[in-house]
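See below for the structure under consideration.
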Amino acid sequence: MRNNTKSNSKKLPEFDKYYHYGESVQSPAEDARFLEWIYLKGKGRKPSVFREDFCGTFANCCAWVQRDRKYVAHGLDLDPEPIEYGKKNYLPYLTAEQQSRVHIHEKNVLSRGAPKADIICALNFSYNIFKKRQELKKYFQACFRSLNPNGVFVVDAFGGPRCHEANEEVSENGDPAFDYFWDQESFDPLTHEGLFHIHFKRPGEKKRLNVFTYDWRVWTLPELKDLLEEVGFKRVDFLWEGSTDEGEGDGNFQVVTKGEECEAWVAYVAAFK
Ligand SMILES: C[S@@+](CC[C@H](N)C(=O)[O-])C[C@H]1O[C@@H](n2cnc3c(N)ncnc32)[C@H](O)[C@@H]1O
């Protein structure tokens, strides 16, 4: 006899690359709290105007204005697609008053007239798009000029021997769960250039390849510090992640003057004007 029992498996919603990206690599509320803490700790007072460079779907801008009624956020990205996504999917969850404090600019981060801010961030390693020292310097100079007196510029960085070779890491994210793949296709020790891809796989579906691709130069921490000081920043701090007893990152970043040998690490660089 045929078994007519209905399958329990629910039909998955249409694949949404920005949803899957956000669930895998972004924590907007935590990032906004962390960036505010860096400013507070360094300057002894709260910032107000936040700028998120390479903002994509500007999730961090939305988180920023939710932290304080006085906070204002500017996001800059040259691609209208993620900006539209943020306007449809994130902005509507803010109150009208919070929305009025979010300003999104479809703009190259290198272009003139970028908004002034107390704190500027470039997260998820986006500045690695600049492969030439002169290009990165131009970007850092533009940030220095845009910052209000006492402003702070924060970027994240990654490194360690594991990123000096091709490899792929997988982790499970989201609810319902899916697999997120961070695939390093190549690394050139002469130029520190690497080609990276993000793939996703949902249960019962084929792996979706190259949903995002990044052709980057992996800048080192001392290179970043040298350049930031060269464009005028007074002080450059490194924030390094603490570790659990098992040797895993514990998500707690503190200012350090000495790093730790790790297979793979993520750190933050905070540059004070
Ligand atoms: C890796 S995504 C980062 C998205 C988001 N900031 C995050 O933390 O996940 C890089 C973004 O940078 C944007 N982008 C690349 N070059 C840019 C430039 N020169 N000026 C402004 N945006 C740029 C891309 O359109 C893309 O949305």
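Taken together, the values in this text are just the output of simple stated rules run on the coordinates, not laboratory data. Predicted model only: the values in this text are computed from it and were never measured. Quick reminder, even Gly has a Cβ in these numbers, built from the backbone with ideal geometry, and neighbours come from all protein chains shown.
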Debye log10 I(q)/I(0) at q = 0.14 Å⁻¹ for the chain, Cα point scatterers: -1.08
Exposed GluC sites (Glu not before Pro) absent - longest run of the chain, DSSP non-H/G/I/E/B, at most 13 other C-beta within 10 Å: 15-164
Inter-label distance, nm, simple model (7 Å from Cα along the C-beta direction), residue 162/residue 245: 2.2
Pairwise label distance in nanometres, residue 188 with residue 70, each label 7 Å out on the Cα-Cβ vector: 4.9
Hypothetical label at residue 135: residues of region 183-197 whose amide nitrogen lies under 16 Å (7 Å Cα-Cβ projection): 188, 191-196
Expected 222 nm ellipticity per residue - DSSP helices of 4 or more, -39500 (n - 2.57), all of the chain, to 500: -8000 deg cm²/dmol
Across 70/116; 41/138; 225/273; 17/207; 70/107; 17/201, pairs whose alpha-carbon gap is larger than 18 Å: 41/138; 70/107
Part-to-part distance (alpha-carbon centres) for region 125-180 and region 244-273, which is given in Å: 15
With eigenvalues of the C-alpha gyration tensor scaled by 5 and rooted, region 114-250, Å: 31, 18, 17
Cα-based convex hull, region 161-216, per residue volume (Å³, whole number): 70
